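Everything on this sheet refers to the single structure shown next.
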Amino acid sequence: MERIVEINQLTKKFGSQVAVDEVSFSVDKGTILGLLGPNGAGKSTTINMITGLLKKTAGEIKLFGKEASEKNRDLRKKIGVVPQELAIYHDLSAEENVRYFGGLYGLRGQKLKDATEKALKAVGLWERKKDKSATFSGGMQRRLNIAMAIVHEPEFVIMDEPTVGIDTQSRNYILETIEKMRAEGKTLIYTSHYMEEVERLADTIVVIDHGKVIATGTEAELVNLVTDQKNITITVANPQAVNLAEIEEQSGVIQTSLQEQQLVVTVSVESNALNRLLMQLIKQGVEVDSVDQQRIDLETVFLNLTGRNLRDK
Ligand code: ADP
Ligand code: MG
């Protein structure tokens with residue numbers, strides 16, 4: 001598989017403060033990497049070194065297999081950057097903003113016209129193309145910022161907290177835009193401190209705190225780092241029918257307890273025991289009223305790994 005990004009021991013110091021501390025990760029073509037961490041973790045600093053906005057203190061950055069320090073114009077055309085700070089000209093209309101950026105990437109004439117239309121449609125702003133961006137809500141401005149970053153149809157897109165502080169509708173638009181880009185085979189790095197978004201979008205999650213990578217993996221792999229067990233709670237109508245000994249013999253089942261109508265089965269996280277458990281209960285003639293699975297989310301993972309909450313409370 002083609003590697004789009006590979007960073008190795010990347011470090012950034014501001015004076016004596018180490019904002020990014022030997023961070024390493026890689027992103028394969030067609031996948032989404034979610035960079036998850038609280039405010040001040042070093043997400044933007046990492047992103048800004050990858051895009052060349054900030055000079056690295058140490059380490060290695062490879063983009064499309066090439067050392068990124070070479071000032072390579074072809075490379076820039078393949079990358080779209082949505083910065084954390086908006087980069088919009090408020091006196092221009094949505095269309096003019098997008099056209100301007102398309103022009104910077106060398107698009108002209110009909111090509112520029114078509115690309116502008118496609119980008120504005122992708123973020124749901126085509127109907128508002130003639131309106132000055134100053135009249136847009138915060139969420140619409142964020143969406144415009146994305147259209148400006150993808151007008152040249154880059155293969156690889158970096159988005160820095162594109163959904164912070166915006167309305168639900170705009171947020172959904174942006175998440176859907178990202179999902180569509182993945183479906184088209186694009187590669188993405190996405191930073192966020194919203195774990196729900198990262199869970200929904202990211203193929204690989206890099207958890208970062210105080211400039212350091214704390215954990216890397218899929219959501220399931222990260223959950224496995226902090227616990228290998230979870231509880232399934234089943235409410236049953238006829239507890240006398242439950243055969244606990246038989247349930248305990250099943251693979252993946254660690255322990256069971258039955259109190260009145262509540263059957264609690266502790267299973268290993270990886271075991272996918274729920275289906276087998278329900279089949280077994282049905283065989284035993286047990287009437288199941290409700291099932292509840294303990295959810296171990298990234299918030300729990302983060303708390304376990306760092307002793308802190310992901311979000312400022
Ligand atoms: P995040 O994007 O995860 O919220 P940042 O990368 O913006 O975090 O910041 C990481 C750390 O580096 C913070 O402590 C921040 O104050 C510091 N920092 C960021 N940019 C600068 C800068 N230009 N000069 C000095 N310190 C900075
Ligand atoms: Mg940031």
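The values are calculated or read from the model by the stated rules, or taken from the named source; none is laboratory data. Being a predicted model, the structure only gives us computed values, none of them experimental. Glycine also receives a Cβ, built like all others from the backbone with ideal geometry; neighbour counts cover every protein chain displayed.
For (1) of a type outside the set (Ser, Thr, Tyr); (2) under 26 Å from Ile208 (Cβ atoms); (3) outside any helix (DSSP H, G or I), each residue gets a yes or a no:
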position: Gln250; (1), (2), (3): yes, no, yes
position: Thr256; (1), (2), (3): no, no, yes
position: Val264; (1), (2), (3): yes, no, yes
position: Arg276; (1), (2), (3): yes, no, no
position: Gln280; (1), (2), (3): yes, no, no
position: Val286; (1), (2), (3): yes, no, yes
position: Asp292; (1), (2), (3): yes, no, yes
position: Thr300; (1), (2), (3): no, yes, no
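Taking the stated definitions as given, is Lys111 of a type outside the set (Gly, Ala, Ser), on the phi < 0 side of the Ramachandran plot, exposed (fewer than 14 other Cβ atoms within 10 Å of the Cβ) and at pLDDT 95 or above? Talk me through it step by step, then tell me what you get.
Numbers: of a type outside the set (Gly, Ala, Ser): yes; on the phi < 0 side of the Ramachandran plot: yes; exposed (fewer than 14 other Cβ atoms within 10 Å of the Cβ): yes; at pLDDT 95 or above: yes.
It is true that Lys111 is of a type outside the set (Gly, Ala, Ser), on the phi < 0 side of the Ramachandran plot, exposed (fewer than 14 other Cβ atoms within 10 Å of the Cβ) and at pLDDT 95 or above.
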Item checked: Test for Thr191: is it surrounded by fewer than 22 Cβ atoms within 10 Å (Cβ to Cβ), of a type in the set (Ser, Thr, Tyr) and out of contact with any Cys (no Cβ under 7 Å at 6 or more places or on another chain) -> no
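Yes/no matrix, rows are residues, columns are (1) assigned to a loop (DSSP other than H, G, I, E, B); (2) at pLDDT 95 or above; (3) within 16 Å of the chain's Cα centre (by Cα):
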| position | (1), (2), (3) |
| --- | --- |
| Val198 | no, no, yes |
| Val213 | no, yes, yes |
| Asn224 | no, no, no |
| Thr233 | no, yes, no |
| Gln240 | no, yes, no |
| Asp289 | no, yes, no |
| Ile296 | yes, no, no |
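Does Lys62 qualify as being in contact (Cβ under 8 Å) with a residue 12 or more places away in the chain, surrounded by 18 or more Cβ atoms within 10 Å (Cβ to Cβ) and among the basic types (Lys, Arg)?
Numbers: in contact (Cβ under 8 Å) with a residue 12 or more places away in the chain: yes; surrounded by 18 or more Cβ atoms within 10 Å (Cβ to Cβ): no; among the basic types (Lys, Arg): yes.
Judged against the criteria, Lys62 is not a match.
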Notebook entry, point to check: If you check every pair at least six apart or on different chains, which have Cβ atoms under 7 Å apart with a residue in the stretch 169-180 that is among the small types (Gly, Ala, Ser) first and a residue that is at pLDDT 90 or above second?
Noted result: Ser170/Gly139; Ser170/Met140; Ser170/Arg142; Ser170/Arg143
